[in-house]
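Please read the structure below before turning to the comments.
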């Protein structure tokens, strides 16, 4: 039996098949939550943003067209909601970034149990330094880094999500990497 594509599931959901939409959610929710978490910095907010993204997709099923990958459409919606959240939290002066290495609510970094305690402490220090440096980047630079390095999207998909040209994605990504390097140095990460 063939696994239906995302757009086949959208067509089924459009015709009233709630199980098809549930399958779409299960297929994409972890990646979407991870993206929102990396952008928003809060696991709870990330889950809310991902849920809001799926709600918007569901409400607008009739308008969705298979002109791009479904995941590109979904991440585009999540991106807009996340940027709105970041803008609003900046106004209110709150927001926090959590672990870059785990997708759950735990603050413990993912590491091999064979690592020594010293190595685990060093990994936590590096993770904390990366988190702080990432927080210092603009949302535009942070999002291209997260989409590329943590979500593994290609330049074309990032361009579709961010609604800019591939060349712009490349230049933003280069600037983001350079800014991250500078921020790490400023935060004392010269010996990484």
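Worth pointing out:
- Among helices (runs of 4 or more DSSP H) entirely within segment 122-192, having at least 2 residues that are touching a residue at least 40 places away in the same chain (Cβ under 8 Å), under 28 Å from residue 70 (Cβ atoms) and in contact with a strand residue (DSSP E or B) (Cβ under 6 Å, 6 or more places away or on another chain) singles out no element at all.
- Single match in 53, 62, 71 (criterion: in contact (Cβ under 8 Å) with a residue 60 or more places away in the chain and touching a helix residue (DSSP H, G or I) at 6+ places or on another chain (Cβ under 9 Å)): 71
- Residue check, residue 95 modelled with pLDDT under 80, surrounded by fewer than 17 Cβ atoms within 10 Å (Cβ to Cβ) and in contact with a helix residue (DSSP H, G or I) (Cβ under 9 Å, 6 or more places away or on another chain): yes
- Under the condition of being closer than 19 Å to residue 130 by Cβ, over 19 Å from the mean Cα position of the chain (by Cα) and exposed (fewer than 13 other Cβ atoms within 10 Å of the Cβ), the residues counted in segment 166-181 number 1.
The values are calculated or read from the model by the stated rules, or taken from the named source; none is laboratory data. The model shown is predicted, which means the values in this text are computed figures rather than measured ones. When we count neighbours, we look across all protein chains shown, and the Cβ atoms used for this are built from the backbone with ideal geometry, even at glycine.
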